[in-house]
1. Based on the mean of other beta carbon atoms within 10 Å per residue, what is the order of 419-430, 244-255, most packed first?
2. Which value, in Å to one decimal place, does the Kirkwood hydrodynamic radius take for the stretch 196-344 when every pair of different Cα atoms is included?
3. When the C-alpha atoms of the chain are aligned to their principal axes, what extent does each axis show, in angstrom, from largest down?
4. Given a Förster distance of 30 Å, report the FRET efficiency between Asp438 and Asp280 from their Cβ-Cβ distance, rounded to the nearest 0.05.
5. If eta is 0.890 mPa s and T is 25 °C, what Stokes-Einstein diffusion coefficient results for the stretch 413-454, Kirkwood Rh from Cα pairs, in µm²/s?
6. For the chain, what does the accessible surface come to per residue with a 1.4 Å probe? Please give it in Å².
7. Tell me, what % of the accessible area of the stretch 111-207 is carbon and sulfur with a 1.4 angstrom probe?
8. Below 10 angstrom from the Cβ of Asp329, what's the summed charge of the other residues (Lys, Arg +1; Asp, Glu -1)?
Amino acid sequence: MTDKIEEPEGPVLYHLDETCDLDDVEVGHAYSGYVNGVADYGVFVSLNDSISGLVHESNLASPLEVGEDVKVRVEEIRDDGNLSLTPVHMHDYDEVYIGEHDGEEPTRTPVGEVIEGDEVIVEAEILSVRQTAGPTLFTLADGTGNIECAAFVGAGERAYPEAEEGDAVRVRGEVETREGDLQLEADTLELLEDEDAQEVRDRLSDALDERAEPPELEPLVDSDRLRALYPRLRRVARGIRRAVMKDRPVVVRHHADADGMASGVAVERAVFSLFEEIVDDPEARYHRFNRMPSRAPFYEMEDVTRDLNYALKDVERHGHPKPVVLMLDNGSTEDDADAYRTLDAYNIPVYVVDHHSPDDEIESLVQEHVNPYLEGGDYSLTSGMLCVELARLIEPSVEDDLLHVPAVAGKGDHSEASEMEAYVELAREQGYDEEHIDDVADALDYESYQLKYDDGRHIINHILDVEENDAHEELVPHLKSLAEEAFERQMDAARAHVDEVDLPNGATLCTLDVENYTHKFTFPGPGKTTGRVHDGKVEDHDGGVVTVGYGPDFCVIRAEGVGINIPDIVEELQEEIEGAGVDGGGHLVVGSIKFVQGRRDDVLETLYSKIAEAPVGTEQG
Ligand code: MN
């Protein structure tokens, strides 16, 4: 390397690449270097992998740390090849690159194009930082891909402590393979500022926008109501795709019943497929995804506190970015607002896909709210149907495994949607007859109860038949019969205790004390038990039927052919009965109400009088 390039006029900072040797070093010139060792008498500074020198302690104005970038002037080249250096402070200088790419800055390599063995310069955003027992690991993204970058200053010692999550950096180093994955071994890592940093961020953001764009798809079944929800579903899909590409963990909370499980599983399959196909990190399913059923029909403070606690620990322990939260078959009600505000304090975005009657406030508290009620639909379009459509938009390749799932979800929620027939037909085309779909929904409901707070990933996948398995054929009828036996046992106990009253409006009111006359803490719980009693009564009567199953401080309501509106009734009870602590809601004709035990009689009496005034023969939604 003897040809010297034309000298600029002002001060110049020289960069030496790996091809440079001592012949390229000139006394009096300023060079970019980094600290590679600290001793009592000074610090060692490398100008590249093979050239280094000493800054004597007497020339150090402030202590330097290993890994730190530093500008130095060469004072002397000793006979033994060692350099004597002094730190320099420079302003308004030109930069000149010496070596393979004489004079010009070596070109940046897109992360997606790096190849093992290459010496590269990568400009990217730091997605996360993790300190290992060896090097510090930075996950870098530039929109063309993600790569892990290792920087080593000492075992277990944090390299480049100034570089943090969200910073834009320029890294020079060599691409190697570690445990089958490409890794960039950093020689230098430089924080970018101002326009340089903005350029990197813009490039990443533009690329992510493009890559995160969901495919153009039509709904699986012909439906204007679904089509009307598609723009919202697309925005959720875009948000999830973007989150996965930026290594953000995904937390899924869903209702613990067949529709909720179907919703959660559909999205889980799609996100796992993204991990494999798009970000090439199949292991991410173990540390970047968490799906949990919620027992309550809303995001309880207990649940959100737990989720937040784990997320913040992962930020600390594993350097994970903060997660995004998805609420499925859950999350549309007033009761969810406190949880969302708690997450908002940490800027954790929430996406909701639900079909429970929505509270107006929710839309402003979450990133996106998908709910049929917001586009002229109702609860008959279930979350599981919406989530299979969502799963296709997140990752279209999962579609083939999920074609029978909307029908299962619909059966689980007793959907009478016009779309249901088409979804059942779709399932039939996959070899699932309607009776089997029904059994799968019942088996799912039963197993959801047994799982309590667990996701039950594989068992649920086997029941739903979305994962290769031999168990499905035997498991579904088995669980279905267990569920039926449990229902029979519950009905045997309850039947004699159902009170039936003819109301002045012509409706029949059936009531059951579920606390004293049903088996507790076992499947089916009070909600499903009341539902089963109700279904029987509807068959016995031609007119409208309302069934109320009550416990000490709650009641469950089911109505058929009577125009009640449970969320409205809850509001009225709150106003009319002081000190009863009334709360609750749900769908218009399927829901539950909570109250304080001491005011139960007042609440139930008032509730019954409202049912007696409701229009019969009509049903709102
Ligand atoms: Mn549902």
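1. Working: 419-430: 17.9, 244-255: 23.7.
My ranking of the peptides, most packed first, is 244-255, 419-430.
2. On the way: mean 1/r = 0.0599 Å⁻¹.
About 16.7 Å for the stretch 196-344.
3. Reported extents, whole Å, longest axis first: 108, 54, 38.
4. Working: r = 40 Å, r/R0 = 1.32.
Calculated value: 0.15.
5. Values: Rh = 11.5 Å.
Reported coefficient: 214 µm²/s.
6. Details: 28030 Å² over 621 residues.
In whole numbers, the chain has 45 Å² accessible per residue.
7. Working: 1790 of 4330 Å².
About 41 percent, which is the carbon plus sulfur part of the accessible surface.
8. -3
The values are calculated or read from the model by the stated rules, or taken from the named source; none is laboratory data. Treat the numbers as computed from the prediction; the structure is a model and nothing was measured. We place every Cβ from the backbone using ideal geometry, glycine too, and count neighbours over all the protein chains shown. Quick note on the areas: whole protein, heavy atoms, side chains included, nothing else; ligands and nucleic acids left out. Shrake-Rupley method; radii C 1.70, N 1.55, O 1.52, S 1.80 Å.
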